[in-house]
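J.: Would you mind keeping the following structure in view while I ask a few things?
The values are calculated or read from the model by the stated rules, or taken from the named source; none is laboratory data. This one's a predicted model, so the numbers in the text were calculated from it and none came from an experiment. No Cβ is skipped: glycine too gets one built from the backbone with ideal geometry, and neighbour counts run over all protein chains shown.
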Amino acid sequence: MAEADPGTPLAQFQRRRKEGSRERLLAAAIAAFCKQGYFTVSVEDIAAAAGTSRMTFYRHFADKTAIAAEIFRQNTQASMPRYLAIGQRDFMDRQVVVDWIRSLFEADAASRQLLRVFIQAYAEASDFSGTTQTIFGDIIAGLGETIPAFALDPANEQQRRQWLEAWLLVYEILYQSNHAARGSCVSTDPIIIEIIADRFQKFVRGN
């Protein structure tokens, strides 16, 4: 179908149709990935489940990795308020920090199937790893708006070490939360949450 002149009713219809097919593809991909795992699902499977053609899929996404990356981006965006919630609370109170970290663990446990999909995508596609790495810097920047210890510029040589410490702290919180959701190793021990809370407070008080 030829593109109509922008602003015309036909052009608006075409945009809505494209947006609709994109959302259907995303919903179909989430359902297929969670049910079958990332590895076994193909572009053809997603397109068929969405009621679209393979050509329509490629109008929106370069490949299977690209749609997984978009699902990750949307999931991260939806989760960001939860990650940053501690900045609106008394982060100097240890119990408040413990409760916040516990809430992150509980949220990941409820989304364990999607977490498995992201881990598989990370393992199979090198392009996906770049997508996942941005979340840590985004969380640090967000926390930095309300918690002084996180107000750091990675490009500032004098702040680089502290920023890396913040990066490792955020990484540990998310890493342990993801592993606890999948029942891995010691991450399921409740004491882990307390240990991470102590490290968080040490960072906040020491910077």
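J.: Would you check if there is a residue in the range 55-62 being among the β-branched types (Val, Ile, Thr) and assigned by TED's automatic domain parsing to the domain that holds Ala180?
T.: Within the range 55-62, not a single residue is among the β-branched types (Val, Ile, Thr) and assigned by TED's automatic domain parsing to the domain that holds Ala180.
J.: Is there any pair linking a residue in the range 66-93 that is over 19 Å from Gln120 (Cβ atoms) to one that is among the hydroxyl-bearing types (Ser, Thr, Tyr) and assigned to a helix (DSSP H, G or I), with Cβ under 9 Å and at least six apart or on different chains, and which?
T.: From the range 66-93, the pairs are Arg82/Ser103; Tyr83/Thr76; Ala85/Ser103.
J.: Scan (1) farther than 29 Å from Ile147 by Cα; (2) modelled with pLDDT of 95 or more for the single condition Arg94 breaks and write down its number.
T.: (1)
J.: Then there's this: Does Ala48 satisfy the condition of being aliphatic (A, V, I, L, M), assigned by TED's automatic domain parsing to the domain that holds Phe200, surrounded by fewer than 17 Cβ atoms within 10 Å (Cβ to Cβ) and over 13 Å from the mean Cα position of the chain (by Cα)? Let's see the steps before the verdict.
T.: On the way: aliphatic (A, V, I, L, M): yes; assigned by TED's automatic domain parsing to the domain that holds Phe200: no; surrounded by fewer than 17 Cβ atoms within 10 Å (Cβ to Cβ): yes; over 13 Å from the mean Cα position of the chain (by Cα): yes.
So Ala48 fails the test.
J.: Looking for something in the same structural domain as Val170 (by TED's automatic domain parsing), modelled with pLDDT under 90 and either within 25 Å of Phe203 (Cβ to Cβ) or among the small types (Gly, Ala, Ser) (or both) - is there at least one such residue anywhere in the range 106-124?
T.: Checking the range 106-124: at least one residue is in the same structural domain as Val170 (by TED's automatic domain parsing), modelled with pLDDT under 90 and either within 25 Å of Phe203 (Cβ to Cβ) or among the small types (Gly, Ala, Ser) (or both).
J.: Right, something else. Can you work out which of the residues in the range 149-168 that are closer than 14 Å to Gly87 by Cβ and within 21 Å of the chain's Cα centre (by Cα) is surrounded by the most Cβ atoms within 10 Å (Cβ to Cβ)?
T.: Ala166
J.: Return the residue satisfying two criteria in turn: it lies in the range 145-191 and is part of a loop (DSSP other than H, G, I, E, B) and of a type in the set (S, T, N, Q), and of such residues it is nearest to Gln113 (Cα to Cα). Spell out how you get there, then give the answer.
T.: Initial filter on the range 145-191 (part of a loop (DSSP other than H, G, I, E, B)): 145-147, 151-159, 182-184, 189-190.
Those left that are additionally of a type in the set (S, T, N, Q): 146, 156, 158-159, 184.
Values: Thr146: 32, Asn156: 39, Gln158: 41, Gln159: 37, Ser184: 14 Å.
Within the range 145-191, the match that is nearest to Gln113 (Cα to Cα) is Ser184.
J.: While we're on this one: Name, by its number, the condition in (1) free of Cβ contacts under 8 Å to residues at least 12 places away in the same chain; (2) in contact with an Asp or Glu (Cβ under 7 Å, 6 or more places away or on another chain); (3) of a type outside the set (Val, Ile, Thr); (4) within 27 Å of Ile196 (Cα to Cα) that does not hold for Glu106.
T.: For Glu106, the failing item is (2).
J.: Kindly indicate which of Thr146, Thr134 is surrounded by fewer than 17 Cβ atoms within 10 Å (Cβ to Cβ), of a type in the set (S, T, N, Q) and modelled with pLDDT under 95. First the steps, then the outcome.
T.: Working: Thr146 fails: modelled with pLDDT under 95.
So the residue among Thr146, Thr134 that is surrounded by fewer than 17 Cβ atoms within 10 Å (Cβ to Cβ), of a type in the set (S, T, N, Q) and modelled with pLDDT under 95 is Thr134.
Per-residue answers, yes or no, for (1) within 20 Å of the chain's Cα centre (by Cα); (2) at pLDDT below 95:
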| residue | (1), (2) |
| --- | --- |
| Pro6 | no, yes |
| Pro9 | no, yes |
| Gln12 | no, yes |
| Glu44 | no, no |
| Ile67 | yes, no |
| Thr76 | yes, yes |
| Met80 | yes, no |
| Ala85 | yes, no |
| Val98 | no, no |
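J.: Could you grab the pairs with beta carbons closer than 9 Å, sequence gap of 6+ or different chains, first residue in the range 162-183 and outside the structural domain of Gln133 (by TED's automatic domain parsing) and free of Cβ contacts under 8 Å to residues at least 12 places away in the same chain, second one of a type in the set (Phe, Trp, Tyr) and buried (at least 22 other Cβ atoms within 10 Å of the Cβ)?
T.: Hits for this filter: zero, empty list.
J.: Could you tell me whether the range 91-104 includes any residue that is small (Gly, Ala, Ser) and over 22 Å from Tyr38 (Cα atoms)?
T.: Step one: filter the range 91-104 for residues small (Gly, Ala, Ser), giving 103.
Keeping just the survivors that are over 22 Å from Tyr38 (Cα atoms) gives 103.
So far as the range 91-104 goes, yes, one or more of its residues are small (Gly, Ala, Ser) and over 22 Å from Tyr38 (Cα atoms).
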